[in-house]
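Presented below is the structure to which this report refers.
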Amino acid sequence: MNKLITLIIAFGLTTIVSAETIHTSVNGMVCAFCATGIEKTFRKQPEVESVKVDLPSKQVTIKTKPGKTLSDAKIKEVVTYSGYAMGKIVREK
Amino acid sequence: MKTQTFLNLAFITFASVLVTEGKPLSYVGGTMVMQENDETGHTLSLDYTFTPTEAFGVYIKQEENGKEIFMFTPEINTLLKRWNLPDGQGNIFNMSGAGIATYRGSNQPSLWTAFLADYESRRWFLSYEPRFVWDGNVEKSVWQRARIGFAPYLANYDALNTWIMFQVDHHPAKHDHFVATPLIRFFYKTYLFEVGYGSNQHIMVNWQIQF
């Protein structure tokens, strides 16, 4: 019984503090200026821990702060606000 | 003399931001400094992008290769249309300014507007820009500029990107109506530098920085 409670608590804590890694493709991102603009705009989001842009694959990888997430709608808003179009989103915990 | 003053100003600006064409818009909240030296003269512009489609700033130009007109105008750059494609991006921009043109000690109103249409992929670049200039009773002219570019290799944005480009200018108000300029462009993060040599034997040097 004690083991079960410990497991439940551990699972709960993991869920609460886990960060999320989100990959999204960005249409229209073709130059260094584009990539930097997107990177800087994502970095301004309070939920974001780090951002990595891969220009050749047109992919942006966003790591959120522990316990935080970014909704698809929010990611689309940021990408659109940067002047580009969002592609497919893939999430990993 | 004006040219020297302008070049000094450009150098000071360059030095003050430590380092410094491309598109007339940056990301929202970004500032862009651009300095061009070509067969038409010397240009310095400083713009702040305040919405995803609009930037506001100042445009200063010392004209050469014709009437030596000094222009100082606030400018607004507007993204009229953008196509975001999986492997490329197309844009139509308008850039417009209204201010003062000085020629032989006389100040004249100055109005100009330009449209820039471009398409860029990771490998290819195409652009066309007509520019309409009215400097009071000093000059009325229409310029055209077209470019084609090719990236010989593909690099990430935090590595050096290189473009081989070819530019053609038509400016009837200048001594040299047609100028063809092969050039090389270097991109590194938010720094752009390009150098070329025109058919009228002018060296072209442009730089741009976003911060």
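The values are calculated or read from the model by the stated rules, or taken from the named source; none is laboratory data. Bear in mind the structure is a predicted one, so any value in this text is a computation, not a measurement. Glycine also receives a Cβ, built like all others from the backbone with ideal geometry; neighbour counts cover every protein chain displayed.
Observations on the model:
- Condition check for B:Asn94: of a type in the set (S, T, N, Q), within 25 Å of B:Trp124 (Cβ to Cβ) and away from chain A (no Cβ under 14 Å): yes
- Annotation note: Cβ proximity below 8 Å between a residue of segment B:108-122 that is within 14 Å of another protein chain (Cβ to nearest Cβ) and outside any strand (DSSP E or B) and a residue that is modelled with pLDDT under 95 and surrounded by fewer than 16 Cβ atoms within 10 Å (Cβ to Cβ) (sequence gap 6+ or interchain) occurs for B:Arg122/A:Pro56; B:Arg122/B:Asp87; B:Arg122/B:Leu154.
- Some residue of segment B:191-200 being over 20 Å from B:Val33 (Cα atoms), away from chain A (no Cβ under 14 Å), more than 18 Å from the chain's Cα centre (by Cα) and not basic (Lys, Arg): yes
- Selection from segment B:77-91 of residues that are at the interface with another protein chain (Cβ under 10 Å from one of its Cβ atoms), more than 18 Å from the chain's Cα centre (by Cα) and part of a strand (DSSP E or B): B:Arg82, B:Trp83, B:Asn84, B:Leu85, B:Gly88, B:Gln89
- Every residue from segment B:165-183 that is assigned to a strand (DSSP E or B) and exposed (fewer than 14 other Cβ atoms within 10 Å of the Cβ): B:Phe178, B:Ala180, B:Pro182
- Looking across A:Lys76, A:Lys88, one residue alone is modelled with pLDDT under 90, more than 25 Å from B:Leu192 (Cα to Cα) and within 14 Å of chain B (Cβ to nearest Cβ). It is A:Lys88.
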